[in-house]
Every structure is written in structure tokens, then in C-alpha cells.
Amino acid sequence: MNSAALPSSDASRHMAIDAVARDDWVEAKLMRSFMRSGLPGLRSVAMVIPIIFVVLYGDVNEVALFCWTLAAVATTLWRYRVIKLYHRRYAGLSGVDLRAFLSRYSWTWTLSAVVWGSSMLLYFRKAPVYDQFICLIVLAGMAGFAVGAFSASLRCFIGYINGLAYSVLAAVSYSAIFEPPFPGTLTTYGLFALVLIYWSAIRLAGKRFHRGQRVTLELQFANAALIASLTEKTRTAMEAVQIKNRFIASAAHDLRQPVHALSLYADWLQAEPELVAQIAPKIVRSTQAVNELFNSLFDLAKLDSGVIQVNWQRIDLPSLIAELELQHAPVAIEKGLELRTRVLPAEVLSDPVLLKRLVGNLLSNAIRHTEQGGVLLAVRRRKQGWCVEVWDTGVGIAPEHQEAIFQEFYRVAKHNGTEEGFGLGLSIVSRLGEALNHPVRVHSRVGQGTVFRVELPVYDDKADLRGGSESGF
């Protein structure tokens, strides 16, 4: 069915689904980048811990230094374990699972930052100025390193920077308030202000870096989606070219036979006019074959171009079935088949002309592909409405062909290797089913026959006839 635009609710739902898929993909990529930079950062931290220990040993409280070193080693090992856990269990996940992982373990980076910031309590205004300078440079470097290493995960980055800043500010405040000289020196307050400024700058830089990474990944996702869409459109275009080529070959083949037969019959009639009674029926059949092909092609062209208008109205199914039976019974009798109907009183909402064409194509197809037995045209009540069924006792359709039979010019060779028809009837049925919103289903077993089912809505005279008597298709 030709739908130029989805309803607003459907469009919004599709956009929301696309946005969720994009966000999940971006989060997974950011987390992968965050964890990939985590191991080099841990190796740097592992090298800095003994340096801090050596620099401060002998100048600060040794028990406190040992406790801090153990805490720094423990948090480093715990971060290493979390990173390994991610690579082992969560590397290929996204969405809810990844967010659950972050909720469970993001505090690790905050705790690690608090441990490193609390090192200020060991040496600030206690160790020699040169040692304090080295340790402060290490903390400043760790904060700057976090911009590149941790900003891929904004939650972990903010937790790390805040933990580092809060612990450093707490250590400086403690020193200014509780340690002589009271209430601290101008240098102490200057350091406090410097930490605040540096903290704000690092947070801003990290957020901007994260936003840049996210925008880049969103563009990558959009490009990948565009490439996939172009690939799909290219594949569709190639299929259309193949269909066109198959159309030209099949139409030329199908036209050649009746047209050539007409030429032979005309020559024959010209040579032996007294045989007109024998030749005329053959000319009529050949002409009918040509007309049938052109009518099918015109129907398919109208459906593809969207010029057919659907005229919704109440339809009495028994009357429609009776018309179809009257039209197709002579063809069935000519082939020695029994055409039976089983009808229940039913009224449905549809287009009488298009519905008759749809069911008529199914009935004609069933008669054409049935050599013995019969064809049943039935109306049955279903839970959601009515169902028109066309049963036959033909050769059946193998499962691998049951979807392809609705394609243009697709014909399944019969057991004797021959084919009948033009391969357009079921394609027209499929398009009409979409136009009318009447699902068409097929069930078949090879050697036992086939049944096609057309699902129809019940007519309700109190309901709005789909917005008017006509709607464009």
C-alpha cells in the first residue's frame, strides 16, 4: 500500500526507537573507549604510588603513610578487577545491562580519587615544600589526565573529579582550621581558591570533551545508518532491474506464443476458409490469452502507480460469491473439475470491485493449477471477522516457494515441467490485499493442495467508513 507518511504516533514511535538504538550504541562505544584507556591509566598509577611513598617516607607519619599506600594499592587493584570484569562479561553488551554495570561499579573511580586526594592530609604543611610540590604536581596531573582518560564515561569522570576536589578541599580546610598556625596562612587560602578554579576548569573541559566524543559517535551512527539505507536501496534497485528484465523476458515469451498462433491461424484461415468453424475458436482463445496478459499488466501498473481509488462500502458476501461462481463455473466444468461453494450470511467492509478481483484471481489460479478433484470457495467466521477461503486439490506449493509466489512473473514449474499463466495473478492479489488491508495467507502441502485465506473486517453500520466513501491508494 502506498503510504506517503506514517501516522504521527507511528512516526514518533519509530523515531523514539531509533533514538534509543543510537543512544545504546553510542554508550557502548563510549564505555569501550573508557575501559580501553583504563589499563594504561592504572599502570601509571601503579608507578606513581611507590614514588609518593619514597618521597614522603621519613618526612611524614609512617603509620599514616603505610595505611594510605595500602588504600591506594587496594583501590588500584579493585579498579583493575572492574575493568577485567567489563572485558569478560559486559564488553559486547549495551543498553540496560551496560547502565546496570555503571550503576554497580562507577563508585570505584570516586573512591580511588578520594584516596588520592586524602594524601594531602599526610604532607600538606607537614612535609618539606619540595615534597609537597611533587605531590601536588601528581594530583594536578591526575586531574588533567582524567579529562582524556575518563571523560568518555561522564558519570565516572564527574565522580572522579568531584572525589578528588572534595577530598583535597577537605584536607586544606582541615589544615587551615585545626592545625597551627590558626586560622591558616594566606598561602593556604590561595591554594584553596586555586583548587576551586582548577576543579571548575577540569570539569568544563571534561564535559566538552565528552560532548565532542558523543557528537562524533552519533555522526558515525548516522553515517552507518545512511550507508545501510543506501545499501538497501541499491539492493532494492537491483531487484527492480532484475524484475524489469524478468518482466521483459517473460512478457515477450508469453506474448510470442499467442501472437504467433494468431498469425498461423490467420494464414491457415486464409488458405482454407472452409475450416472457419474449427479455426475461429482457436483464434478466440489466442486473443483471450493476449487480452489476459495485457489486463494483468495494466492492473499491476495501476496498483504500483497508486491511481486506484478504494471505494469503501458494505458488501454482501453471498452475492459476491454467487457472481464469482457463475463466472468461473464454466471454466472448471471444461477442465472436469467440481467448483463448490460454502457460504454463510455475512456483510463486510471493502471495495466490491477490488475484492471481487482479488478473490477472482485466487479462484482462477486455483482452477488453473488443479488437474483433478475440485475447488472450494468458502466463507467462514473467524474471531476477528470473516474469512474467504479458496481450496484446491492441485499439486500444492513447496514451503520454499510460498513467499516468492507473490512476486511478479514468479511461476512454479509443475511436476511435468510445464508452467501455466503469466505469474502476475498472485502478485496482483498481494497488492490488492495491501490496498484493502485484507491480509492474504497461504497454506499448502505438496501433492495435497493449497488454501488461500483472505481476512475481512465485519461491516458495522455505526462505524465511520474509514473517513469517507473514497480514499486514495
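Return the pair list, or none, for Cβ contacts closer than 9 Å from residues in segment 78-94 that are in the same structural domain as Gly38 (by TED's automatic domain parsing) and over 20 Å from Ala113 (Cα atoms) to residues that are of a type outside the set (Lys, Arg) and outside any helix (DSSP H, G or I), at least 6 apart or on different chains. Going by the 9 Å Cβ cut-off, there are no qualifying pairs. Pairs linking a residue in segment 363-385 that is within 15 Å of Ile333 (Cα to Cα) and assigned by TED's automatic domain parsing to the domain that holds Val343 to a residue that is part of a loop (DSSP other than H, G, I, E, B) and of a type in the set (Val, Ile, Thr), with Cβ atoms under 6 Å and 6 or more positions apart or on different chains, are Thr370/Thr393; Gly373/Thr393.
Total residues in segment 109-147 satisfying the condition of being of a type in the set (S, T, N, Q) and without any contact (Cβ under 8 Å) to a residue 40 or more places away in the chain: the figure is 1.
Residue check: is Ser173 without any contact (Cβ under 8 Å) to a residue 60 or more places away in the chain, part of a helix (DSSP H, G or I) and under 27 Å from Met31 (Cβ atoms)? Against the criterion (without any contact (Cβ under 8 Å) to a residue 60 or more places away in the chain, part of a helix (DSSP H, G or I) and under 27 Å from Met31 (Cβ atoms)), Ser173 does not qualify. Considering (1) surrounded by 15 or more Cβ atoms within 10 Å (Cβ to Cβ); (2) over 52 Å from the mean Cα position of the chain (by Cα), the lone condition that Arg79 does not fulfil carries the number (2).
Within segment 431-473, can you find the residues that are buried (at least 16 other Cβ atoms within 10 Å of the Cβ) and modelled with pLDDT under 65? Across segment 431-473, the qualifying residues are Leu465, Phe473.
The values are calculated or read from the model by the stated rules, or taken from the named source; none is laboratory data. Computed from a predicted model, the values in this text were never measured in an experiment. When we count neighbours, we look across all protein chains shown, and the Cβ atoms used for this are built from the backbone with ideal geometry, even at glycine.
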